[in-house]
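**Q** Got a structure for you, written out below as structure tokens; questions coming shortly.
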Amino acid sequence: MLKRLFKRWIALCLGAVLFGASAFQIQAATSPVEVSAQSAILMTADTGMVLFEKDSRERLPMASTTKIMTALLTLEEAERLEDPVVEITEEMVAVEGSSMGLMAGDKIPLSGLAAGMLLASGNDAANAAAIYLAGSLEEFVEKMNQRAVELGMKNTHFVTPSGLDGESSDGLGHYSTAYDMALLAREALKNEAFRELCSSSSYRVEFADPVKGVTYTNHNKLLTQYEGCIGVKTGYTKQAGRCLVSAAERDGTVLIAVTLNAPDDWNDHTLLLDYGFSQMESYSLMGGDVQGRVPVVGSEQQTVSFYGQNGGTVSIPAGAEGEVSRQVYLAPFLYAPIKIGDTVGEIRWYLNGTLLGSAPVLAGENASVQEEKEGFWAGLLGTGS
């Protein structure tokens, strides 16, 4: 019932006026950072705010950064299937390039394949997971492209789960954009297992057969060279050049940097992340002061109290506190029954039209359904229920 009422919310503006829904960006007219990359972007992980970009929508091959998608899908299935053991076949390891050292007959947990992708950049691990989960590389790639659509990666087309260059039957190549890869990294970093792996300088994978443990070293040098680095993935092919997706966290702010075809990628990312952290600050989304009463229908109690929740902490450009607006959405009335703690509305915070976050508005009182009173004639004649 309450969900239907939300469609009829009225806005109680508590703060500045809401602006148009355009993406907020703080890049200066003259680029504050010079990078070697053909394409680059710097984005906040919490809100997707773009802080810097250079031809970020240009379609380019992205090499092994592709494995961000492959590993994410693998880890999601590993959780759903309770991390089954995968028996490696000849087909799975029939791939060139970087490898985690799999051999036909090996047995390894599905999550171990994700570790092999993210740390050793194993093409064998990517192919093994794809074939195990979908039956073939082609079927798994369809799942990758479907997820890309769901994430709004409008300029991405996967052909291989490993990131090796290729061409699909429809003639489309293997490509993405810096912007799309940043969107993918935002999604992947929400997965705790993914975040643990991509932030690890080394990780030990336990094989079921032969029984052994193998420790893999992460190819991402920024994990040890840049303060607060938490990932994400390196990549290289002759066609794509050096590709890198990185993320770093400082004082509650998480930034994502992507460079494609960047000869000096380590330095590019250091410059981008330093610039980003110099421009951002933490902002608390305060909603605890939102209080009031709302009418109730179908209860002897005519109104119930409501109160807002805080929305956590987000990153905004330094000095932009005064540009944050807050909107409270509340139904004009509620239907009984209502219990303390029921969600009755929502608070949303915006910065120049970009949604920063939201928090629920909760009922502060119970409101039971009013009992129907017995009619006069029914009571007199004894025909009441």
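**Q** Between helix 265-279 and the chain, what is the angle of the helix's C-alpha long axis to the longest principal axis, kept within 0 to 90° and rounded to the nearest 10?
**A** Rounded to the nearest ten degrees, it is 20.
**Q** A follow-up question, please. Residues with beta-carbon under 13 Å from that of residue 311, excluding residue 311: net charge, scoring Lys, Arg +1 and Asp, Glu -1?
**A** Spelling it out: positives minus negatives among the neighbours equals -1.
**Q** Let me ask you something else. Could you line up 251, 180 from fewest to most neighbouring Cβ atoms inside 10 Å?
**A** Fewest to most other Cβ atoms nearby, the residues stand as 251, 180.
**Q** Oh, and also: Among 324, 261, 301, which residue has its Cα positioned farthest towards the positive end of the charge dipole of the chain, with +1 placed on the Cβ of Lys and Arg, -1 on the Cβ of Asp and Glu, and the dipole taken about the Cα centre?
**A** Checking the options against the dipole of the chain, the answer is 301.
**Q** Arrange the following residues from fewest to most other Cβ atoms within 10 Å of their Cβ: 214, 369, 232.
**A** Ranking 214, 369, 232 by Cβ neighbours within 10 Å, fewest first, gives 369, 214, 232.
**Q** Over the Cα atoms of the stretch 39-263, how large are the radius of gyration and the largest Cα-Cα distance (Dmax), in Å?
**A** 16.2, 48
**Q** Among 256, 68, 108, determine the one that fluctuates most according to a GNM of the chain built with springs between C-alpha atoms less than 10 Å apart.
**A** Residue with maximal mean-square fluctuation among 256, 68, 108: 108.
**Q** Using unit Cβ charges (K, R positive; D, E negative) and no other charged atoms, how large, in debye to the nearest 20, is the dipole of the chain about its Cα centre?
**A** Taking the Cα centre of the chain as origin, the dipole is about 900 debye.
**Q** Right, next: Between the helical axis of 178-188 and the dominant principal axis of the chain, each derived from Cα atoms, what acute angle in degrees is found, rounded to the nearest 10?
**A** Once rounded, one gets 60 degrees.
**Q** Here is a follow-up. Would you mind counting up the charge near residue 235? Only other residues with Cβ under 13 Å from its Cβ, with Lys and Arg at +1 and Asp and Glu at -1.
**A** Its environment carries a net charge of +2.
**Q** Within the chain, what's the longest stretch lacking trypsin sites (Lys or Arg not before Pro) that sit in DSSP loops with no more than 13 other Cβ atoms inside 10 Å?
**A** 239-338
**Q** What relative contact order, as a whole-number percentage, does the stretch 39-263 give when Cα pairs under 8 Å and 6 or more residues apart are counted?
**A** 26 percent
**Q** Taking only Cα atoms and a 10 Å spring cutoff, compute GNM fluctuations for the chain and point out the largest among 304, 205, 245.
**A** Its mean-square fluctuation being the largest, the pick is 304.
**Q** Among 93, 310, 288, which residue has its Cα furthest toward the positive end of the charge dipole of the chain, with +1 on Lys/Arg Cβ and -1 on Asp/Glu Cβ?
**A** My answer, from the dipole projection, is 288.
**Q** Please check: in the Gaussian network model of the chain (C-alpha springs, under 10 Å), which one of 274, 170, 289 has the largest mean-square fluctuation.
**A** 170
**Q** Tell me, what are the semi-axes, in whole angstrom and largest first, of the equivalent ellipsoid of the chain as set by the roots of 5 times the Cα gyration tensor eigenvalues?
**A** Working through the eigenvalues yields semi-axes of 48, 29, 18 Å.
Each value in this text was obtained by applying a stated rule to the coordinates, not by laboratory testing. Computed from a predicted structure; not experimentally measured. Quick reminder, even Gly has a Cβ in these numbers, built from the backbone with ideal geometry, and neighbours come from all protein chains shown.
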